[in-house]
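Report on the following structure.
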Amino acid sequence: MEKKQIFVHDLLLLLLFMVILRGAKAGKEEEEADRIFELPGQPKVSFQQFSGYVTVNHVAGRALFYWLTEATQNPLTKPLVIWLNGGPGCSSVAYGASEEIGPFRINKTASGLYLNKFSWNTVANLLFLETPAGVGFSYSNRSSDLLDTGDRRTAKDSLEFVIQWLERFPRYKNREVYITGESYAGHYVPQLAKEIMNYNKKAKHPINLKGIMVGNAVTDNYYDNLGTVTYWWSHAMISDRTYRRLINTCDFHRQKSSDECESLYSYAMDQEFGKIDQYNIYAPPCNVKSDDSSGSTRHTMHLPHHPHHPIFRTMAGYDPCTEKYAEIYYNRPDVQKALHANTTGIPYKWTACSEILNRNWNDTDVSVLPIYKELIAHGVRVWVFSGDVDSVVPVTATRYALAGLKLTTKTSWYPWYVKNQVGGWTEVYEGLTFATVRGAGHEVPLFKPREALQLFKSFLAGKPLPKS
Ligand SMILES: *[C@@H]1O[C@H](CO)[C@@H](O)[C@H](O)[C@H]1NC(C)=O
Ligand SMILES: *[C@@H]1O[C@H](CO)[C@@H](O)[C@H](O)[C@H]1NC(C)=O
Ligand SMILES: *[C@@H]1O[C@H](CO)[C@@H](O)[C@H](O)[C@H]1NC(C)=O
Ligand SMILES: *[C@@H]1O[C@H](CO)[C@@H](O)[C@H](O)[C@H]1NC(C)=O
């Protein structure tokens, strides 16, 4: 009798064991299917790479595309860092991975890759996520999804992605997770962090979220609009008169500005700005002919969608000069094959930014400052940085927004250094660190890669930026 019971018990155990093993094996197989052996024109590297799709909604058929580039050394001991670009509608593969923090840059003929010596994967495992569905290789089988996606769906789908992705890569399950990004990802990053916090309240296996970091981040409509106009004036891009009229005419709290305000924006941009690169006001504009014989490289499509609509103006968010190589490279069938991308035959081309998503954006938070407060209260590390020559989401906008939090200063304003040069300035508050990057445009790691890497290292270490 007793013996028989033990036998049944053992059998059950064995069965359970087999189920677990099979699960692990299925996970392993899925992971192996996503392994990138080599990208076309790629130099030899020592780190592992994976990419592919995670289904985030079975009913609609929404799948998000990711690209993981593991740390160059000891990846198992390094944190997992998610990077998101903004737009809304712009791709983390196009910007974050290929121009900013990723290990590879695309060369001028778009026929090969070369190494970025300041890649953030020298210190962490980088997970680039194209979100929401409709961005880059991420797709939805329900075409109407492209017409009603907004902050909400982006946050919910991105959470689902993180949960499912960790199932596929169990070795990352208890790893420290950081979420980073720039521009309109100033919404996505804290919103996803909040989704994770809510998920963790009920989860058996909570996600080990440690911190967030955002750069030139869309944060709060009122402060962002006020700070942007102030930046234009303080950097002598507009006249005193236009500045005064903008301040007196526009209600920066409103989502939609009045016709009168719109026409002032038009006047400022068309009559006063001139042909500058708004993402880096001191850089040569990219329509200036360089050694690149293909002529004009400026893609004008994104900024001018709603050129004078304050919300959409600040939503545009990438450097229009450099996206061209990416659009050639990532549309190559051999590149897509190597990346396990576009396996279902998406009916349109890969683009760095989706115009249709951007134009039809359904919902946007007026301010993410309340989320900052929640994150700080939960002990999540919050870092905010700003390239100080960007006029699209400028440093003044960010400073007004942060001032709105009324945080206590822990370490007063000081210059921080890289290689004996002032990298920028920083102030440490209770719960939040703010840092500028001197001379950097909107895409900080593109313009100031060494400084950006220092910023990232200090953020991960949770230590103030170097004082010398
Ligand atoms: C989308 O549709 C294609 C073709 O029917 C299918 O193969 C694919 O699995 C679907 N994607 C999702 C995420 O359901
Ligand atoms: C780009 O990379 C490819 C492949 O490695 C190489 O053949 C080509 O010469 C490179 N072009 C430039 C302009 O660097
Ligand atoms: C996907 O592949 C098809 C060919 O099967 C191609 O026409 C389309 O441009 C590709 N779309 C994307 C987003 O890569
Ligand atoms: C669109 O936005 C409204 C609020 O502005 C919201 O109630 C609705 O759920 C959103 N739609 C989707 C599909 O998320």
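Laboratory data are not the source of any read-out in this text; all were calculated from the coordinates shown. Treat the numbers as computed from the prediction; the structure is a model and nothing was measured. Virtual Cβ from ideal backbone geometry, glycine too; neighbours counted across all protein chains shown.
Details
- Across region 200-216, coupling constants 3J(HN,Hα) worked out from phi with the 6.51/-1.76/1.60 Karplus curve, θ = phi - 60°, read 4, 4, 10, 7, 6, 10, x, 7, 7, 6, 9, x, 10, 9, 10, x, 5 Hz, and Gly and Pro carry x.
- In terms of packing, defined here as the mean over residues of other Cβ atoms within 10 angstrom, the peptides 85-96, 221-232, 423-434 line up highest first as 85-96, 221-232, 423-434.
- As a calculated quantity, the FRET efficiency between Arg244 and Lys373 at R0 = 51 Å, using C-beta atoms, amounts to about 0.95.
- Look at where the Cα atoms of region 396-468 and of region 251-276 average out, and the two centres are 30 Å apart.
- Here the simple spin-label model places points 7 Å from the Cα toward Cβ, and for Lys173 and Asn74 these points are separated by 2.4 nm.
- Here's how it looks for Leu209: its modeled amide H is under 5 Å from those of Val177, which are all 5 or more places away or on a different chain.
- Over region 125-266, the alpha carbon radius of gyration divided by the compact-protein estimate 2.2 N^0.38 Å works out to 1.35.
- Partner aspartates and glutamates for Lys28 [C-alpha distance under 18 Å; skip if fewer than 8 residues away on the same chain]: Glu70, Glu167
- With Cα atoms defining each centre, region 120-192 and region 193-223 are spaced 12 Å apart in the structure.
- Between helix 449-461 and the chain: long-axis angle, C-alpha atoms, 0 to 90°, nearest 10: 50 degrees
- Here region 362-460 is treated as an ellipsoid with the same Cα gyration tensor; its semi-axes, largest first and in whole Å, are 22, 17, 12.
- Sorting the segments 211-219, 324-332, 270-278 by their residues' average number of neighbouring beta-carbon atoms within 10 angstrom, most packed first, yields 211-219, 324-332, 270-278.
- Principal-axis tilt of helix 2-33 within the chain, Cα atoms, nearest 10 degrees: 40 degrees
- Packing-based order for 32-41, 335-344, using average beta carbon neighbours within 10 Å, highest first: 335-344, 32-41
- Relative contact order (percent, whole number), the chain, Cα cutoff 8 Å, 6+ residue spacing: 18 percent
- In order along region 128-138, phi translates into HN-Hα couplings of 8, 10, 8, 9, x, 4, x, 8, x, 8, 5 Hz, rounded to whole numbers, per the Karplus curve 6.51 cos²θ - 1.76 cosθ + 1.60 with θ = phi - 60° and x for Gly and Pro.
- Simple spin-label estimate for Lys202 and Trp413 in nanometres, 7 Å along Cα-Cβ: 4.6 nm
- Within straight-line cross-link reach of Lys44, lysines at Cα separation under 20 Å, skipping those fewer than 8 residues along the same chain: Lys108, Lys117, Lys337
- Per-selection metrics, region 121-202 (Cα): Rg and Dmax in Å: 13.4, 40
- Taking amide H atoms as placed 1.01 Å from N in the peptide plane, the amide H of Cys90 lies under 5 Å from those of Ser354, each 5 or more residues away in sequence or on another chain.
- For the chain, the residue among Pro79, Gly215, Trp413 whose Cα projects farthest onto the positive side of the dipole built from Cβ charges is Pro79.
- Residues with amide H under 5 Å from that of Val418, placed H, sequence gap 5 or more: Gly423
- Computed from Cα atoms, the angle from the helix 240-249 axis to the main principal axis of the chain rounds to 60 degrees.
- Taking the Cα atoms of the chain, the ratio Rg/Rh between the radius of gyration and the Kirkwood radius comes to 1.00.
- If the segment from Ser263 to Arg332 were pulled out straight at 0.36 nm per residue, it would be longer than the present Cα-Cα gap by 20.6 nm.
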